[in-house]
Each structure stands twice: as structure tokens, then as C-alpha cells.
Amino acid sequence: MKRHQILIASLTMMFLMGHVHVHAQPSVTIHADQPTVTLSPYLYGLFFEDINFGADGGLYAELIQNRSFEYYPVRGEMNQEGYKLTPMTAWEKIYRDGGTADIIVTRTLPLNEVNLNNLEINVTGRQGYAGVANTGYDGIPLTAGENYHFSIYARMQARERALQQEHRLVVALEDEDGTVLDKTGFDPIPEGWTPFRAVLKPSASTGNGRLVILAEGEGKFQIDMVSLFPQNTYKQRENGLRRDMVEALVALNPSFLRFPGGCILHGWGIDNVYHWKETVGEVSGRKPNWNRWGYHQTYGLGYYEYFLLCEDLGATPLPVIPVGVSCSFTHLEAVPIAEMGPVVQDALDLVEFANGPPESRWGKVRAEMGHPESFGLKYVCLGNEEDDTPEFRERIPLFVKAFKETYPEIKLIGTSGLSPRVPLYELMDELQVWSSDEHYYMQPRWFIENQDRFDRWDRSRPKVFVGEYASEGNRLFNALAEAVYLTGVERNGDVVEMTAYAPLFARYGHTQWTRANLIWFDDQMVVKTPNYYVQQLFAKNKGDVYLKNHTEKWPGKEVAISTTYDKATGELIIKAVNASETDYNIAFRVEGAGRVAKKGTGWILQGERDAFNSRETPYAVQPAETTVITGRRFNLNTPGLSLQVIRIAL
Ligand code: AHR
């Protein structure tokens, strides 16, 4: 036998023995005239929590760390980086040109009743300068020629014998070698606390800059609320947010924002609970709190700023309110039942802060902060990821009742508890909340296996908010497993009203949640994960109704599709996920449509199973635009490890 005859003979033998698999072609028939369910306009949104330095040291654009000297060891412990936080964290003492001073953190004459600590620089000599430098989070990033807004509160008492001497505060931006990039000075400094401001413009860029504050002239200087913001925040807002990070959120097209947590919401014990009232009003008057994730919250990014962010994103606000219990998985404490009245009232007052007229007590606070118009709050989430404890069962009904009586127009989102078993869903059903928030962090295989979770859901029960989920990794396969799951969510768009990946942000080198986060960042860059692109492709191509489809010869659960229709554009949207390693050519048939365009356009996200994005290769995995030949019948090649979204005009 010749060589090619031997080859054919052995292939025939292998085929007969079952060693070669020839795939039957999978097919999908789409019934364009048979919508099944309407998809919620709020299906894809965001969950933001100050974890992994997501707020302070992240989204909140303040460049000074520990700006009011209020840090202390969190629970008396070392932090993750192996040192204890102190009032001098991120600050170092500096003496120049023979300057001498005693530099201590003091509570003498505090700035106000919540901002108790301040820094005293007691200059003891006539020569030189003494003061402090702040190193920000990982060094202060400065860009040449950009404006930076510096502000400080200061007061000073000159020593009797030095009254004639010059007394000044000198403020400089320096690079890591001490080269001055810009500087300014303030004098005279009065005896009472006085705010000072200046704009600094560095002459060179550095990723590792610092802010230096030096006192000159014998006497006792006190400083507090030392702040430095880039002018270039998102929308150039004062006390604003990091532009690149907000832009990454805008690009996700989020329909809602759930905030401020997460575990920081119900905190580590009742004293650590997040009180929205402590986060509004003048920034220097916001009482800081330690963060259950091991660091500190300035609350400079507080409820007002969260509502503004929602407006900027075009996202409906979903504030989460603690319900008189702290996190029962870590440290359960409960407000005594007899003292629950004011706690429930605090929750109700939030609606007045968001929506009330400027004449109302809390509407006035909002108006004075610069927003007389209502923020249009429509939903309130009660509790984070709660445990089924008697304490919780006793307190949650108090909130449900009070909201239903006072604000019946507000839709209440309860908590189903942790894990896909949704231990509290039953209770939420009894309480008749609008929807209930379920959380799960599972392996990718779980998301693939459970894509039909909602197919047989009891439609008479509260709607579902998948408020936190992730498949424990930021590699392409994780993202595709989540995409498979989302096809099931779209198919059940009448049950699942909202979904949000979690956590949202993680600062490189400062993570408490290491397994998976949607967006990674450092001082200067943002890295979008494959999971981010899945969220983006789904959110930007949701569609309004799900179209009935029928599959045949389907290769298995790793391949999944969703078929929706976008009424505004008149397009059929096909999402085809292939989380397997095998390429499949899928035969599509579109029935019940007047016309079907001959060409579809869209995006494809594909790569190696373990591909991921990093600071070194931030775009290793990202969607590429694609064009597909379509029509009433067409074949779509779905490569192994890919997600395709195709829009076809009908
Ligand atoms: O997203 C991280 C944490 O996961 C949240 O704080 C909490 O709600 C959940 O356990």
C-alpha cells in the first residue's frame, strides 16, 4: 500500500474504533417573533466597596495619605504589610539647614469635635526649617505642568522672644531625590485655625513624589487636614475622583451602583458600622472610621460623592443600609432592640437626604453641599450579606415596616445571605421585599454547571439581585465561565433584575481580596481584566427582550448562547460563549423576521485559557471588532475559549 492509502486505512480504523470524534454540527433556531421575557433595564451594574484601597488610595483622588493624622492600629494589630498604623503613618519628620523642632501628634486645640488629632511642630531654634513630608500611598504621582490643589489648616503661636522673627510655612512638591518641583509659602499664620490654599505645578514628572511642609521661625505651629488633589479629577471636581478610574466605570455602561459595601457596611462590631450621616457635610467635619479590611476611611468619598458618581455614570443609586447588626460571620453584635428607633430613623433620613426638598432637614444638607435637586433615589438595600441569626431576624422587619409606611414608593432589596443556597431568601419572601440580594464566589465550573439556576425559579417570589459574584480568578477561562452564567441570567431576565461583579477595584500590592477583582490599578494606571470585558460586552449589548431559541446537537454546557432584541436599533443580538477548548461551527437559523441583514457586526474576546492582563501587558486579552456573514441561515465559527457578540439588523 502507498503511504496515503495507509493513512486513510488507519484513519478509517480509528474512526470505527471511536478514537476520532466527528462533531455533529450544533444548530440554533431563533424565533425573532417570539419574545419570551423582558430584560430588566438594570440588569448590569456595579458594586463598589472600599476594599483593596478602592476608595482612599484609589477612586478618591486625594494624594495625601493620613491627611488629618487620625490613623491608629486597626484592632491593635499589624496591617497586611506587617506594620502598625499610627498617627504618623505616611509622614516623616524633616529637619533642614540646622532646623530644630519637637514634632508630635497632639489633641491640643483640635480642629473640630470629630477631627481630634493634629500635628504640632514646635520650632525651637532660630535657624533653618523643620517639618514633615507625606509620601502618599506608594509615593505621590506628579505630572509636569499639571495643576495640583493644595490645602491645609494651620495655626501658630510665636515664641515671646521671637515675635519679630519671620514665621512661615513653606510647602513644596519634591521628587524622591529631594529636588523641588514647585513650592509656595504661607504667612502670617494666625493664632486660630485658618485654612490656606495654593495651586502647585510641578516642573517635572515623578511617580514617587512627596509633599513637604516646613515651618520657619521659633514658635508652635499646628497643622491639620493636609490635602493635595490633582485638578484633573473626573469632571475637574474639587474633592473629586480619579479620572482614569471613573472613565473605566463609565465604559462599563452601568445601570446602577450599589455602595458603600460589602463587609465595611455592617463592620466589625457595632462601633465599626458605616453611618451615612458621618460621611456628609464639610469634609474636615467627617468623622473617620477604621475599615474592616484593615485600614482607614477618611469618608472624603462619602454619601454625597457616591450620589454624584451615580449621576455621572447615569446609574441608579443602590445604597446599602446596615440593619442594627454587625457582620455575623466575623464579629456579631447587635443594637439592643430598645435602641433600634434612632437606627431605623437614620435609615429613613437617607431618603430625605437624597430626595427631600431643600427645605427639609436632610434635603438642606444636600442642597448646601451643592445639589438642591433630588438625586432620584428609587431603591434601598437593607443589610449586606447577612447571616441567619435571631438578631437579624428580629431587626430586619423593623426596617421593612418603617420603609413601607413612610416611603412606599421606595423599592426594598433584601438580603438572601451568603452562598447559592440563599439561606435568607425565604425570609425575604415572607417580608415581601421587592427583590433579594444573593452573593456567591465560586469556581468557574460552578458557574458553567449552574447556568440554568433561574430556569425553574418560582416567579411568585421576590426578584433576584445577584449583588456579588465572581469565579475566583481573572484569567480568560474565569471570564468565560461568568459569561456562560450570564446567558442564563438573560434567559431569565424576568427573575433576575440586577447583577454586579465583585469586588470592583484592587490596588496592586494592597489587596485584602486577592482571588479576583474586576479592575486593578496603581498610582498611574488602570488594568482591565478579561472579566471586565465580559461585563462590558454584556452591559453594552443587553437588548430589551429575550427571543425564544431552540438548540440541537448541542456540544455541552461549556457552550452557551443568548438571543435578545434591541428595540431602539432593531437588532438581533447573539451572544455565543465557548468556554471549551474545541472550536465549534454553529448553524444559525433566524425565523419569524421580516428581513435579516446579510452582515452582522460585533466583538470577539478570545485567547489562551489562562491568559490575563497585567501592568506589563495590560491589553493581552481584550475584545476585537468582528464582522460576520449573516442572513436567515448562516454558520458562526465559535473558536474554543471565546465570547462573541454579534448584532444583526432585522
Ligand atoms: O466583595 C468582597 C466581600 O465579599 C464583601 O465585602 C462581602 O459582602 C462579601 O463577603
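The values are calculated or read from the model by the stated rules, or taken from the named source; none is laboratory data. Values in this document were obtained by computation on a predicted structure and should not be read as measured data. For neighbour counting, all protein chains shown are included, and Cβ atoms are generated from backbone atoms with ideal geometry for every residue, glycine included.
Just to be sure, is S255 in contact (Cβ under 8 Å) with a residue 40 or more places away in the chain, closer than 25 Å to H439 by Cβ and surrounded by fewer than 22 Cβ atoms within 10 Å (Cβ to Cβ)? Considered against the rule, which asks whether it is in contact (Cβ under 8 Å) with a residue 40 or more places away in the chain, closer than 25 Å to H439 by Cβ and surrounded by fewer than 22 Cβ atoms within 10 Å (Cβ to Cβ), S255 comes out as yes.
Please tell me if F69 is surrounded by 17 or more Cβ atoms within 10 Å (Cβ to Cβ), within 25 Å of the chain's Cα centre (by Cα) and not small (G, A, S). Spell out how you get there, then give the answer.
Values: surrounded by 17 or more Cβ atoms within 10 Å (Cβ to Cβ): yes; within 25 Å of the chain's Cα centre (by Cα): no; not small (G, A, S): yes.
Judged against the criteria, F69 is not a match.
Within region 371-411, being crowded, with 17+ Cβ neighbours inside 10 Å and on the phi > 0 side of the Ramachandran plot holds for one residue alone: G383. Residue pairs whose Cβ atoms lie under 6 Å apart, separated by 6 or more positions or on different chains, with the first residue in region 365-379 and closer than 17 Å to R237 by Cβ and the second assigned to a helix (DSSP H, G or I) and not polar (S, T, N, Q), are R366/F353; M369/Y304; F375/F307; F375/A354. No other residue among G324, G294 is surrounded by 23 or more Cβ atoms within 10 Å (Cβ to Cβ), at positive phi and either within 15 Å of the ligand (Cβ to nearest atom) or more than 23 Å from the chain's Cα centre (by Cα) (or both) apart from G324. Annotation for region 304-319: no member residue is closer than 26 Å to L398 by Cα, among the acidic types (D, E), in the same structural domain as D429 (by TED's automatic domain parsing) and in contact (Cβ under 8 Å) with a residue 24 or more places away in the chain.
Of the strands (runs of 3 or more DSSP E) that lie entirely inside region 573-650, those containing 2 or more residues that are within 19 Å of R445 (Cα to Cα), in contact with a strand residue (DSSP E or B) (Cβ under 7 Å, 6 or more places away or on another chain) and in the same structural domain as V28 (by TED's automatic domain parsing) span 642-649. One residue alone among G300, G363, G262 is out of contact with any Pro (no Cβ under 8 Å at 6 or more places or on another chain) and either within 15 Å of the ligand (Cβ to nearest atom) or not β-branched (V, I, T) (or both), and that residue is G300. When you check E394 against the structure, is it among the acidic types (D, E) and in contact (Cβ under 8 Å) with a residue 40 or more places away in the chain, yes or no? So E394 passes the test.
Scan region 270-292 and give yes if some residue there is of a type in the set (G, A, S), more than 20 Å from F521 (Cα to Cα) and in a loop (DSSP other than H, G, I, E, B), otherwise no. Spell out the reasoning first.
In the first step, residues of region 270-292 are kept if they are of a type in the set (G, A, S); the result is 281, 284-285.
Then drop every residue that is not more than 20 Å from F521 (Cα to Cα), which leaves 281, 284-285.
From the residues that got through so far, the ones that are in a loop (DSSP other than H, G, I, E, B) too are 281.
Checked region 270-292: at least one residue is of a type in the set (G, A, S), more than 20 Å from F521 (Cα to Cα) and in a loop (DSSP other than H, G, I, E, B).
Of note, E497 satisfies the criterion of being under 21 Å from the mean Cα position of the chain (by Cα), charged (D, E, K, R), closer than 21 Å to L537 by Cβ and at pLDDT 95 or above. Would you be able to say whether some residue in region 275-287 is under 19 Å from the mean Cα position of the chain (by Cα), crowded, with 22+ Cβ neighbours inside 10 Å, at pLDDT 95 or above and within 16 Å of the ligand (Cβ to nearest atom)? No, that holds for no residue. Those strands (runs of 3 or more DSSP E) of region 86-198 in which 2 or more residues are in contact with a Leu (Cβ under 8 Å, 6 or more places away or on another chain) and surrounded by 14 or more Cβ atoms within 10 Å (Cβ to Cβ) occupy 91-96, 101-106, 129-134, 140-142, 148-158, 168-174, 180-186. Just one of the listed residues (R507, R491, R459) is among the basic types (K, R) and farther than 27 Å from Y565 by Cβ, and it is R507.
Please tell me if L265 is part of a helix (DSSP H, G or I) and within 29 Å of R395 (Cα to Cα). Here the answer is yes, as L265 does meet what is asked.
How many residues does region 61-74 contain that are of a type in the set (F, W, Y) and more than 15 Å from V226 (Cα to Cα)?
Of the residues in region 61-74, 1 are of a type in the set (F, W, Y) and more than 15 Å from V226 (Cα to Cα).
Pairs meeting the criteria (first residue in region 187-204 and closer than 20 Å to E218 by Cβ and among the hydroxyl-bearing types (S, T, Y), second residue modelled with pLDDT of 95 or more and surrounded by 15 or more Cβ atoms within 10 Å (Cβ to Cβ), beta carbons under 8 Å, at least 6 apart or on different chains) are T194/Y153; T194/A154; T194/R155. Considering G640, G607, the condition of being within 30 Å of the chain's Cα centre (by Cα), of a type in the set (G, A, S), surrounded by 14 or more Cβ atoms within 10 Å (Cβ to Cβ) and closer than 17 Å to V484 by Cα is satisfied by G607 alone. For region 444-461, the condition holds for no residue, the condition being that it is within 14 Å of the ligand (Cβ to nearest atom), under 24 Å from R515 (Cα atoms) and touching a residue at least 40 places away in the same chain (Cβ under 8 Å).
Residues in region 424-437: is at least one within 14 Å of the ligand (Cβ to nearest atom), crowded, with 17+ Cβ neighbours inside 10 Å and under 24 Å from the mean Cα position of the chain (by Cα)?
Quick first cut of region 424-437, residues within 14 Å of the ligand (Cβ to nearest atom) only: 424, 437.
Still in the list and also crowded, with 17+ Cβ neighbours inside 10 Å: 424, 437.
Now restrict to residues that are under 24 Å from the mean Cα position of the chain (by Cα): 437.
Yes, some residue in region 424-437 is within 14 Å of the ligand (Cβ to nearest atom), crowded, with 17+ Cβ neighbours inside 10 Å and under 24 Å from the mean Cα position of the chain (by Cα).
Remark: E62 falls outside the filter, which requires a residue to be touching a Ser or Thr at 6+ places or on another chain (Cβ under 8 Å) and in a strand (DSSP E or B).
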